[in-house]
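Notes follow once the structure below has been shown.
Each value in this text was obtained by applying a stated rule to the coordinates, not by laboratory testing. The structure displayed is predicted, hence computed values, not measured ones. Here the Cβ is made from the backbone with ideal geometry for all residues, glycine too, and neighbour counts use every protein chain on show.
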């Protein structure tokens, strides 16, 4: 049973929503974030990445950075850039990209559901990345970046969404990357009750993107419980900001790989080794795999299609993933990449950048690139349901949720 509750959002005034809305904080490096904020001071990156307000000599994780984030947030609330809804609501957040639409419910989820496994995960988190967002949430007394959750589609929830979308949206704008963002507020008490009850019929939700944000929000929530032993469970710190999408609307792009060298092999030796497990076919244009067990490879200005031979497939939820098949049959045994998290010889390229980016990297600093067939949402569910974890960089969701459109106060 999933607890998914309405909340009183802090959100931008409609006139500035487009300027405020920003891609997630971890999409950019410091220089990129600074460039965006210098061009658009209202960008939520000014708060999410408050080091943009300091000289480079100030460390990204300096305590002054988190204090500045808090100051900026509260200044913008006082200035009317952000408004606070007086009633507890759900919100519908619809994104349209390349004529494809996904429609989610913005709400708050329970830290107890996270701890008990009602909210299921498929990825490990890193302590240093958690610590950054813990300090940010703590200083701001708010969760500023929503966690991207998925659930198995519900006809009841779909009906409520269709009903509510007959009203006028509170936001409707096209971002600079050509994604349309449309938001409706659900304040009708009957539909609020129906939504809450419908989510209680869903046994599990799944973190699609935002594992570090979720872990950090939960950490702060349990810290605040410890500091307030008389807590009732209804305080806002017991919940974290989320957007929940039905599985049948989600689109996962591949997470492609590039490697600096061939592990000591010549091109001819490397291709000869691959032929033992793959059908290797030279291609005249970039290869975008069309089925599981198929990989594109760019090497020495030549594209190849690699089709894994049937005897090397696996039915295991982890080992059967295409990212695992590549690891098991090429990256680890041939290219000698043992740890995807720490090996400096490998890099990962989000599928949104396409095969041209793979070619570019091979012309600049890499030797070989692999284009992947994307992990499916059902594979993600199967891994999470088995209690296992995916290899690093297994999924790339598009479009990305925008930060700054919804803020959840935990005071």
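The table that follows gives values for the structure above.
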read-out: Nearest 10 degrees, 0 to 90: helix 211-227 Cα axis against the chain principal axis; value: 40 degrees
read-out: Residue-span extension gain [residue 177 to residue 385] - 0.36 nm each, minus C-alpha spacing; value: 71.5 nm
read-out: Span from the segment 1-61 Cα centroid across to the segment 284-347 one, whole angstrom; value: 35 Å
read-out: Choice from 375, 52, 125 showing the highest fluctuation, given a GNM over the chain with Cα pairs closer than 10 Å; value: 125
read-out: Kirkwood-Stokes translational diffusion coefficient of the chain, alpha-carbon pairs, 10 °C, 1.306 mPa s, µm²/s; value: 70 µm²/s
read-out: For the chain: relative contact order, % (alpha-carbon pairs under 8 angstrom, 6 or more apart); value: 24 percent
read-out: Footprinting exposure proxy for 94, 201 (fewest neighbouring C-beta atoms within 10 Å first); value: 201, 94
read-out: Relative contact order of segment 255-373, defined on C-alpha pairs under 8 angstrom at six or more residues apart (%); value: 45 percent
read-out: Rounded D (µm²/s) - segment 292-367, Kirkwood Rh over Cα pairs, Stokes-Einstein at 25 °C, 0.890 mPa s; value: 179 µm²/s
read-out: GNM top mover of 373, 28, 255 - the chain, alpha-carbon springs below 10 Å; value: 28
read-out: Principal-axis tilt of helix 127-140 within the chain, Cα atoms, nearest 10 degrees; value: 20 degrees
read-out: Gaussian network model of the chain, springs between alpha carbon atoms under 10 Å - residue of 123, 268, 164 with greatest fluctuation; value: 268
read-out: Label-point separation in nm, residue 235 to residue 35, each point 7 Å along Cα→Cβ; value: 4.3 nm
read-out: Pair residue 170, residue 226: separation of 7 Å Cα→Cβ label points (nm); value: 3.5 nm
read-out: Principal-axis tilt of helix 30-39 within the chain, Cα atoms, nearest 10 degrees; value: 50 degrees
read-out: Ranking of 155, 43 by count of other Cβ atoms within 10 Å, fewest first; value: 155, 43
read-out: Projected label distance in nm at residue 84 and residue 315, using a 7 Å step from Cα toward the beta-carbon; value: 5.6 nm
